[in-house]
1. Please determine, by comparing only the residues of region 18-57 that are surrounded by fewer than 17 Cβ atoms within 10 Å (Cβ to Cβ) and touching a residue at least 40 places away in the same chain (Cβ under 8 Å), which one is farthest from VAL485 (Cα to Cα).
2. Tell me yes or no: at least one residue of region 543-555 is part of a helix (DSSP H, G or I) and of a type in the set (Lys, Arg).
3. Over 32 Å from the mean Cα position of the chain (by Cα) and crowded, with 17+ Cβ neighbours inside 10 Å: which single residue out of LEU505, LEU396, LEU439, LEU412 fits that description?
4. Return the pair list, or none, for Cβ contacts closer than 9 Å from residues in region 253-273 that are among the aromatic types (Phe, Trp, Tyr) to residues that are surrounded by fewer than 12 Cβ atoms within 10 Å (Cβ to Cβ), at least 6 apart or on different chains.
5. Taking the condition at pLDDT 95 or above and either crowded, with 19+ Cβ neighbours inside 10 Å or farther than 22 Å from ASN398 by Cα (or both), does ALA169 pass?
6. How many residues, within region 510-527, are of a type in the set (A, V, I, L, M, F, W, C) and surrounded by 22 or more Cβ atoms within 10 Å (Cβ to Cβ)?
7. I'd like to know if region 475-491 contains one or more residues that are among the acidic types (Asp, Glu) and touching a His at 6+ places or on another chain (Cβ under 9 Å).
8. Which of (1) buried (at least 19 other Cβ atoms within 10 Å of the Cβ); (2) among the charged types (D, E, K, R); (3) assigned to a helix (DSSP H, G or I) does ARG182 not meet, given it meets every other one?
Amino acid sequence: MRASQFFIATLKEAPSDAEVVSHKLMMRAGMIKRLSAGVYTYMPMGLRVINKVAAIVREEMNRAGAIELSMPVVQPADLWQETGRFEKMGPEMLRIKDRHDRDFVLQPTSEEVVTDIARQDFKSYKQLPKNLYQIQTKFRDERRPRFGLMRGREFVMKDAYSFDRDPAAAQASYQTMAKAYRAAFDRFGLRYRAVAADSGAIGGDLSEEFQVIAATGEDAIIYCPTSDYAANIEKAEALAPQGTRPAASQPLAKVPTPGKSVCADVAQLLQVPLATTVKSLVLATDEVDEHGAIVKSQVWLLMLRGDHDMNEVKVGKLPGFEKGFRFATEAEVVEHFGTKPGYLGPLNLKQPVRIVADREVAIMADWICGANEADFHITGVNWGRDLPEPELVADLRNVVEGDSSPDGKGVLAIERGIEIGHIFYLGTKYSKAMNATFLDEGGKPQFFEMGCYGIGITRLPAAAIEQNHDDKGIIWPAAIAPFEVVIVPMGYAKSADVKAATDKLYAELQAAGVDVILDDRDERPGSMFADWELIGVPHRLVVGERGLKEGKIEYKARTDAEASLLDAGAVVAHVQGLLGR
């Protein structure tokens with residue numbers, strides 16, 4: 001490819017609405033162009049990256065035995081109504097009507113369509129296992145699209161769906177996909193972690209996220225440096241503390257804490273460690289009738305140590321919370337506690353509530369909590385002496401650095417990550433809802449056991465940039481760079497020697513299978529260098545009259561501080577070596 005024939009549209013400054021590094025650099029490098037909120041045109045330079053990501057994914061999916069197809073972006077609503085997701089997906093799913101007033105959706109994912117295929121075509125156990133995948137456009141109407149391709153509304157995803165005869169076979173398919181994902185992520189050339197994840201509403205015990213490590217990542221990744229343990233923060237267990245609860249040693253006392261409604265401020269005022277305070281979180285669960293109207297509500301008090309944060313996923317799995325919960329309204333709080341939030345606690349309640357204590361709180365003695373009176377807290381609180389033991393003790397909190405690893409092999413550390421892939425075992429969630437069955441050896445119908453496996457094809461380049469960039473621009477791994485090598489001639493249109501040497505080198509690299517671009521534009525050298533550093537091509541070759549007189553060509557890797565000189569006849573072999581060819 002010659003630059004004069006290509007579409008290079010770099011910018012000196014990023015648009016004002018670009019927030020994160022990847023968004024700014026992809027806009028400046030001319031890789032994407034904003035069409036509307038969360039919707040981008042993939043420009044030629046960016047599309048080359050996306051296509052390389054897709055090619056790696058496709059190769060690994062095919063190698064794992066998955067079969068590619070392409071399902072419609074516009075899908076009939078009746079399939080989604082079978083599973084109940086037409087209503088449950090909410091405004092994130094874009095709904096449209098055709099000229100006959102029939103309901104359709106723009107696919108956010110394709111479990112319904114692929115399950116419909118299976119129930120029509122997979123009649124016998126002899127046809128299983130099967131894994132169908134696509135690399136296709138998706139649309140999710142994000143409330144607040146932001147960060148460019150990191151959280152857009154329209155995006156490209158690889159989604160695969162496995163169909164098996166029983167749970168054991170489904171778990172084998174899951175492991176095959178887990179291996180394929182690791183192979184793909186290894187080839188991307190990015191630092192990543194595969195972490196145990198919560199399956200959420202999907203259900204099932206098997207679920208892993210593939211997180212690209214980046215300081216700007218939205219997700220907290222929990223891992224143990226001395227073992228293989230890794231999980232996202234929703235999944236990571238905070239182990240029960242060792243030892244028994246100390247005996248009470250302080251009297252119960254009501255103390256003034258004017259204007260101090262946050263545990264950290266109370267601890268500072270009373271000159272005590274934050275870990276001696278207990279925060280009170282008031283939740284409510286609702287019983288509803290067949291029309292969705294609330295017929296009864298239950299108020300709960302969740303108690304966590306002042307320096308810990310509630311994990312909503314863990315709470316959602318507690319007995320009584322499985323059907324969902326919400327934070328109590330101010331009116332509910334006042335009715336049960338006698339005061340507005342900020343000074344709440346389990347003593348002196350106006351109405352009874354159900355109390356759940358975190359494991360850490362359950363073994364605390366002489367702790368501090370709100371007095372259920374504005375501007376007052378109570379010190380020296382003890383279970384058993386001052387209030388009954390909690391109704392339920394559970395792991396309610398996010399883990400923190402230094403917690404014991406659940407595998408017993410060290411302590412936990414935390415780093416940031418960007419979720420790019422997710423695999424999970426679905427079980428029969430969709431096959432039962434859609435009555436998708438096959439006949440087993442005895443001729444009896446059985447529901448398919450399913451798995452689901454996704455990779456964000458257009459999100460991955462953005463994550464790669466968040467991980468790999470400097471003040472000059474993008475630093476691509478060679479496997480997904482728009483070009484592997486750029487040749488920058490000095491005076492291409494002015495020097496016959498430079499032109500001849502450049503064309504020869506360009507032809508030799510192409511013949512060697514190197515993805516190379518020749519910058520034959522009539523631009524200043526500094527401008528060309530700046531463009532290619534911004535775009536992030538991994539290897540740069542500079543051809544100039546001075547070097548040619550000595551039989552040399554200048555080479556510089558994108559991350560090198562200084563350029564070096566190579567013998568002109570050895571350049572191709574050197575580049576091939578760098579690319580592992």
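The values are calculated or read from the model by the stated rules, or taken from the named source; none is laboratory data. Only a predicted model underlies this, so the values are computations on that prediction, with no experimental measurement involved. Note that we place each Cβ from the backbone using ideal geometry, even for glycine, and neighbour counts take in every protein chain shown.
1. ALA37
2. From region 543-555, those part of a helix (DSSP H, G or I) are 545-549; that's our starting set.
From what's left, of a type in the set (Lys, Arg): 546, 549.
Checked against the condition, which is being part of a helix (DSSP H, G or I) and of a type in the set (Lys, Arg), region 543-555 yields at least one hit.
3. On the way: LEU396 fails: over 32 Å from the mean Cα position of the chain (by Cα); LEU439 fails: crowded, with 17+ Cβ neighbours inside 10 Å; LEU412 fails: over 32 Å from the mean Cα position of the chain (by Cα).
After applying the criteria, what remains is LEU505.
4. Hits for this filter: zero, empty list.
5. Values: at pLDDT 95 or above: yes; either crowded, with 19+ Cβ neighbours inside 10 Å or farther than 22 Å from ASN398 by Cα (or both): yes.
Answer is yes for this residue.
6. Residues that pass the stated criteria total 3.
7. Quick first cut of region 475-491, residues among the acidic types (Asp, Glu) only: 484.
From what's left, touching a His at 6+ places or on another chain (Cβ under 9 Å): 484.
Within region 475-491, one or more residues are among the acidic types (Asp, Glu) and touching a His at 6+ places or on another chain (Cβ under 9 Å).
8. (1)
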